[in-house]
Amino acid sequence: QVQLVESGGEMVQPGGSLRLSCAASGNTFAILAMGWYRQAPGAQREFLVYAHNDDTFYYNEAVKGRFTSSRLSANYTVSLQMNDLRPEDTAVYYCSARTRSRTDYWGQGTQVTVSS
């Protein structure tokens with residue numbers, strides 16, 4: 001089992017920035033990749049970025065350039081730096097981890113609200 005805990009979600013004004021963090025615990029040796037998704041009200045969960053243990057990053061083109069992820073493989077943390085935030089970025093942001101057995105784990109989510 002892998003446990004994921006996100007932090008950093010809050011309300012921010014349009015054009016602002018926010019940094020989310022996620023820390024993994026448990027069977028972290030089994031983790032192959034970590035990343036971020038988000039889910040807006042009434043919408044499906046949306047892929048944002050995945051970072052593999054070899055520091056290869058895969059981004060959703062829709063957020064590439066505004067969102068940047070960093071990963072510390074040594075201690076199984078992943079962050080998401082979000083710049084130039086827009087009201088449509090309002091969502092619950094979820095940390096995810098995939099293990100070598102292709103099992104996906106999810107955090108509880110952290111709310112990001114972009115509003116003036």
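The values are calculated or read from the model by the stated rules, or taken from the named source; none is laboratory data. Predicted, not measured: the structure shown is a model, and the values here were computed from it. Here the Cβ positions follow ideal geometry from the backbone for every residue, glycine too, while neighbour counts run over all protein chains shown. Just the protein is used for accessible areas: all its heavy atoms, side chains included, with ligands, DNA and RNA removed. Shrake-Rupley method; radii C 1.70, N 1.55, O 1.52, S 1.80 Å.
Looking at Thr28, Thr68, can you tell me which residue is within 20 Å of Asp89 (Cα to Cα) and either in contact (Cβ under 8 Å) with a residue 12 or more places away in the chain or not acidic (Asp, Glu) (or both)?
Thr68
Only one of (1) within 15 Å of Tyr93 (Cβ to Cβ); (2) open to solvent by less than 30 Å² (accessible area, probe 1.4 Å) fails for Ala43. Which number is that?
(2)
Hey, among the residues in the range 2-13 that are of a type in the set (A, V, I, L, M, F, W, C) and closer than 21 Å to Arg86 by Cβ, which one's least open to solvent (accessible area, probe 1.4 Å)?
Of the residues in the range 2-13, the ones of a type in the set (A, V, I, L, M, F, W, C) are 2, 4-5, 11-12.
From what's left, closer than 21 Å to Arg86 by Cβ: 11-12.
Details: Met11: 128, Val12: 21 Å².
Applying the filter and picking the extreme gives Val12.
Given the criterion farther than 18 Å from Thr113 by Cβ and open to solvent by less than 20 Å² (accessible area, probe 1.4 Å), identify the matching residue among Ala24, Ala74, Ala62. I'd like the intermediate steps shown before the answer.
Values: Ala74 fails: open to solvent by less than 20 Å² (accessible area, probe 1.4 Å); Ala62 fails: open to solvent by less than 20 Å² (accessible area, probe 1.4 Å).
Just a single option satisfies the conditions, and that option is Ala24.
What are the pairs, 6+ residues apart or on separate chains, where a residue within the range 82-103 that is closer than 12 Å to Leu20 by Cβ has its Cβ under 6 Å from a residue that is in a strand (DSSP E or B) and of a type in the set (S, T, N, Q)?
Qualifying pairs under 6 Å: Ala91/Gln39; Val92/Gln39; Val92/Gln111; Tyr93/Thr110.
Taking the range 7-33 as the region of interest, how many residues are under 22 Å from Lys64 (Cα atoms) and either polar (S, T, N, Q) or modelled with pLDDT of 95 or more (or both)?
16
Given the residues Ser116, Ser96, Ser69, which is the only one that is surrounded by fewer than 17 Cβ atoms within 10 Å (Cβ to Cβ) and not aliphatic (A, V, I, L, M)? Talk me through it step by step, then tell me what you get.
Numbers: Ser96 fails: surrounded by fewer than 17 Cβ atoms within 10 Å (Cβ to Cβ); Ser69 fails: surrounded by fewer than 17 Cβ atoms within 10 Å (Cβ to Cβ).
Within the list Ser116, Ser96, Ser69, the selection yields Ser116.
Take the residues of the range 14-48 that are among the aliphatic types (A, V, I, L, M) and more than 19 Å from Pro87 (Cβ to Cβ): which is farthest from the chain's Cα centre (by Cα)?
Ala30
Having 2 or more residues that are in contact with a Gly (Cβ under 6 Å, 6 or more places away or on another chain) and among the hydroxyl-bearing types (Ser, Thr, Tyr) is the bar; report the strands (runs of 3 or more DSSP E) wholly within the range 24-105 that clear it.
Of the strands (runs of 3 or more DSSP E) lying wholly inside the range 24-105, those with at least 2 residues that are in contact with a Gly (Cβ under 6 Å, 6 or more places away or on another chain) and among the hydroxyl-bearing types (Ser, Thr, Tyr) span 91-99.
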